[in-house]
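**Student:** My questions all concern the structure below.
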Amino acid sequence: MKTGHIELARAQQDRWQTAYEGNPRLHGAEPSAAARWTVRLFEAAGIDDVLELGAGQGRDALYLARQGFSVHATDFSEAALHQLRLDAQRDGLDDRVTAALHDVRDPLPPADATVNAVYANLLMNMAFSRAELRSLVNEIHRVLRPGGLFVYTVWSTADGCLPKCTEIGDGLFAKDGFAGRFFDLDLIHELAERWELGGADAYEEGPEPRRLWRVTQAKPAPNS
Ligand SMILES: C[S@@+](CC[C@H](N)C(=O)[O-])C[C@H]1O[C@@H](n2cnc3c(N)ncnc32)[C@H](O)[C@@H]1O
């Protein structure tokens, strides 16, 4: 595992690309628990379009589209997005799902205050420095309209995978060539500065199971 900052970022992009090239259903075909929950939240808030970051092969983007949302899905793996586009076409959802290559270390493409909702399942726990995380959260804040919602999920420090991982510095851990960060509540609160934190809920998913956080935060509306 390369640990220099830029080298690590490149190595991670290659690792994800290879993993997606080798498996058209790397995370399965079923939507995540977070996506099912988020659909209800966004529907209740009257939201019908979503920017998804780190969408992978699109199991959640396609689910959101099937529920009637317009979804713009991004990821830094072209192999993942290729699969997402194929599946969207196959299911006749390509009018509701668009997909674009984007590394979230770069500024987000949308203009200020133009996005209603941002969703990111298990992206924020990837191999980002704390400065990169703060900058990403600031970018999401910038593109959301006032009152807009941001839902993300991350690995928890209580996850059983943590003791099996190797620490590689800067609070990051690695296993099988994939690197990332385990979140505690302090980090969640730190990233929610300037936001209204709606909730940080611990939950479990999958056979191991993975222990995760689901975080909901809103960009404050003026006078709120
Ligand atoms: C654990 S996977 C989750 C994928 C998808 N959200 C899901 O639940 O099926 C993390 C995703 O983040 C993407 N990713 C990691 N670092 C990224 C970056 N810097 N910019 C954009 N995407 C990134 C990976 O390619 C991968 O698809």
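**Student:** Against the definition (of a type in the set (Phe, Trp, Tyr), within 15 Å of the chain's Cα centre (by Cα), within 10 Å of the ligand (Cβ to nearest atom) and modelled with pLDDT of 95 or more), how does Phe128 come out, yes or no?
**Tutor:** Considered against the rule, which asks whether it is of a type in the set (Phe, Trp, Tyr), within 15 Å of the chain's Cα centre (by Cα), within 10 Å of the ligand (Cβ to nearest atom) and modelled with pLDDT of 95 or more, Phe128 comes out as yes.
**Student:** Checking Val71 against (1) free of Cβ contacts under 8 Å to residues at least 40 places away in the same chain; (2) over 15 Å from Asn121 (Cα atoms); (3) open to solvent by less than 50 Å² (accessible area, probe 1.4 Å); (4) more than 11 Å from the ligand (Cβ to nearest atom), only one condition comes out false. Which one?
**Tutor:** (2)
**Student:** Let me ask something else about it. For the range 14-29, name all the residues that are surrounded by fewer than 16 Cβ atoms within 10 Å (Cβ to Cβ) and under 20 Å from Val154 (Cβ atoms).
**Tutor:** Gly28
**Student:** Restricting the search to the range 99-142, which residues are in a loop (DSSP other than H, G, I, E, B) and basic (Lys, Arg)?
**Tutor:** Scanning the range 99-142 gives a single hit, Arg105.
**Student:** May I ask you to list the residues in the range 30-53 that are under 14 Å from Asp75 (Cα atoms) and either open to solvent by 20 Å² or more (accessible area, probe 1.4 Å) or acidic (Asp, Glu) (or both)?
**Tutor:** Across the range 30-53, the qualifying residue is only Glu52.
**Student:** Sticking with this one: Restricting to the range 31-47, give me the number of residues that are free of Cβ contacts under 8 Å to residues at least 60 places away in the same chain and either closer than 20 Å to Pro110 by Cα or away from the ligand (no atom under 13 Å from the Cβ) (or both).
**Tutor:** Selection size over the range 31-47: 5.
**Student:** Follow-up question, since we're still on this one. How about the range 74-105: which of its residues are of a type in the set (Asp, Glu) and over 19 Å from Arg15 (Cβ atoms)?
**Tutor:** Result: Asp87, Asp91, Asp94, Asp95.
The values are calculated or read from the model by the stated rules, or taken from the named source; none is laboratory data. Keep in mind that this is a model prediction, so the values were computed, not measured. As a convention, Cβ positions derive from the backbone with ideal geometry for all residues, glycine included, and neighbour counts pool all protein chains shown. Side chains are part of the model used for accessible areas, which takes the heavy atoms of the whole protein and leaves out ligands, DNA and RNA. Shrake-Rupley method; radii C 1.70, N 1.55, O 1.52, S 1.80 Å.
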